Structure formats: structure tokens, C-alpha cells
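Accompanying notes for the structure given below.
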Amino acid sequence: MNVEALKNNSIEKLEIIKVKEKSGSSFVDDVSVEEPLEIKVRYGEESEMKTKNLSVTMRTPGNDIELAAGFLFTEGIISNLGQIKTIEHAKSECSRNNENSIVVELVAGYIPDLMNVDRNFYTTSSCGVCGKGSIESIRTVSTFQSMSKKTLNIELDVLYQLSEKLRSLQDNFSSTGGIHASGIFDIEANLFGLREDVGRHNALDKLIGYFLLKDQLPLRERILVLSGRASFELVQKAAMAGIPVIAAIGAPSSLAIKLAKEFDISLLGFLGKNRFNIYHQGANLTIKNLS
């Protein structure tokens, strides 16, 4: 599989006025960049390939190759790395448009079932999966749901470390204060991957795309840590990647909890130093030293 990389800037410096008490002063601030990314898929028989626009998502530029790969995977359009032939930015006369449009070409002869994609693929930075049918479709499109789960024995102190570790590793958040992160850790709190984006669902798609392109899915012995709340679409994407434990610094939604229970994914919320809530504890998870 050929992958073309294109570097984008994720932070922009802008002159603002900072107000404190009764005075205002000029200040150069770091602001998270938000721009649209159009994702297209090219597929069909060798002699009659067709291109279809799939999504326009508002994202932080950077790691666009991973974002596109992760998006196609978590939406069930592809099920493995071998179905991707190339991923590259679209060619046009305007170089800026090149940076904001990406084409995923699938191997000749593989025809994705796009009729099962029952959502409008326009997403904003605050909303990921907005469709109603995703909860029913995960079992049929995920290749990992039938795999046996490994038992995880996690020390309580390890879980207490995760929120601070994620925050300390968020380069863009420390600069801008306005960006989400998703991180993958092992059961000893070692980081295996982290991605940031103005959209929480984009951050996770980038992260899952990273592991997909390295052919390291499923993530059956890993912990997903989210910098904000745990919404339905994030649990859905974690389920697609075979992730058994989700720990969110914010709160989960009711539908996120329902989905976690349905797929027996351990779901923790309000993760912090010496505290978290357990919304569902999977059968394969043991938390050591928890009385």
C-alpha cells in the first residue's frame, strides 16, 4: 500500500487583546487550526473505477492519512489494511485544496457496501456519528466482535495515573487549551500512541488509523484514554478497533453506557487523580486493590 504524507500546521499564532481586571494588552496567542477535510473513496473493477465523496469533516490539519484510514475502518467501509491500495491528497491546481482533500483508493475488485453507511457524512468538530443505525451495525461490520477477549488485570494506581499522563503528553492542548486527545496505553500506563484534534471523533479516528496502517489491530490488551467526555460515537469506534477498556476524563452519555454494556467494554468516567466512576466493568477486567 502506498501512502503519501503531507505536513500541515495545527497551530496558528494570532494577535489578540488579553483583558485582566480593567486593562487590555496586545498578546500573541496560539490558536488551534480548524479546517475542512474532504474524504473520497475510489473503488471498483480495474477497468471502471469510480470516485465517491464520503465525508467533509472539520478537523485540525495533520495526520490526515491516518484520519482517512481510521474513518473508513471505524465506519465499516473497510475491514483490514489489505483493502487499501493508496491514500493520497487530491491533485488540483490550488495547493491549499490539495491539503484539504484526500482520496483513498481501494484495491481493484473490492466493492464496499456503501448502502450500509446510514448516516449523512457531514461531521463537525463537536459531532461524530449522528446516525441512528450504527449501534445495530457494529456486530455485522466489525471483524473483531467474535474474537475471545483476554483477561486484563490492572492496578488501581495505574488507572489513577492515566489522566495526568495524557494531559502531560498533549503538546497542542498545552499551547492552545482548545483541543481533544485520544491516547492508547497498556496495562502498565505505557503510552503506545496519541493523537489530537479539535474534533474528539477525529482524534480517535487518527489514532485508530495509525494502528491500522501499522497493521496492529485489534487493540485487545490496551486502554483508550479520552481527554473529554465519552460519547456514543467514541465507544462505537473503540468497539470497531477491539478496544476493551475506555477511560474518559469527562462524563459518558447514556447511549455510550448502553453501547459499552452491549459489547462488554469497560467504561470509566471522570478519571482523575485518585478518582473515577465505573459505568460498566467488563467481564474480562479485574482492578487490583479495589475494595
In the set Ala230, Ala256, the lone residue that is in contact with a Pro (Cβ under 9 Å, 6 or more places away or on another chain) and closer than 15 Å to Leu204 by Cβ is Ala230
Picking from Ser253, Ser168, the residue that is surrounded by fewer than 22 Cβ atoms within 10 Å (Cβ to Cβ) and in contact with a Phe, Trp or Tyr (Cβ under 9 Å, 6 or more places away or on another chain) would be Ser253
Taking the stretch 149-170 and keeping only residues that are outside any strand (DSSP E or B) and of a type in the set (Val, Ile, Thr), one is left with Thr151, Val158
Checked pairs for the stretch 221-243, first closer than 15 Å to Phe185 by Cβ, second open to solvent by 10 Å² or more (accessible area, probe 1.4 Å) and in a strand (DSSP E or B), C-beta under 8 Å and 6 or more apart or across chains, list as Arg222/Phe192; Leu226/His180; Ser227/His180
Within the stretch 178-188, residues being surrounded by fewer than 23 Cβ atoms within 10 Å (Cβ to Cβ), in contact (Cβ under 8 Å) with a residue 60 or more places away in the chain and hydrophobic (A, V, I, L, M, F, W, C) number 0
Residue set Glu12, Glu75; condition under 30 Å from Gln216 (Cα atoms) and among the acidic types (Asp, Glu); output residue Glu75
Check: Is at least one residue of the stretch 256-265 surrounded by fewer than 22 Cβ atoms within 10 Å (Cβ to Cβ) and closer than 20 Å to Ala189 by Cα?
Finding: no
The condition of being touching a strand residue (DSSP E or B) at 6+ places or on another chain (Cβ under 9 Å), open to solvent by 30 Å² or more (accessible area, probe 1.4 Å) and among the aliphatic types (A, V, I, L, M) holds, among Leu212, Leu191, only for Leu191
Would it be correct to say that Ile287 is open to solvent by 10 Å² or more (accessible area, probe 1.4 Å), in a strand (DSSP E or B) and touching a residue at least 40 places away in the same chain (Cβ under 8 Å)? yes
If you go through Ser254, Ser266, the only one that is among the small types (Gly, Ala, Ser) and either within 30 Å of Lys85 (Cβ to Cβ) or modelled with pLDDT of 95 or more (or both) is Ser266
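The values are calculated or read from the model by the stated rules, or taken from the named source; none is laboratory data. Since the structure is predicted, the reported quantities are computational estimates derived from the model, not experimental observations. We place every Cβ from the backbone using ideal geometry, glycine too, and count neighbours over all the protein chains shown. Side chains are part of the model used for accessible areas, which takes the heavy atoms of the whole protein and leaves out ligands, DNA and RNA. Shrake-Rupley method; radii C 1.70, N 1.55, O 1.52, S 1.80 Å.
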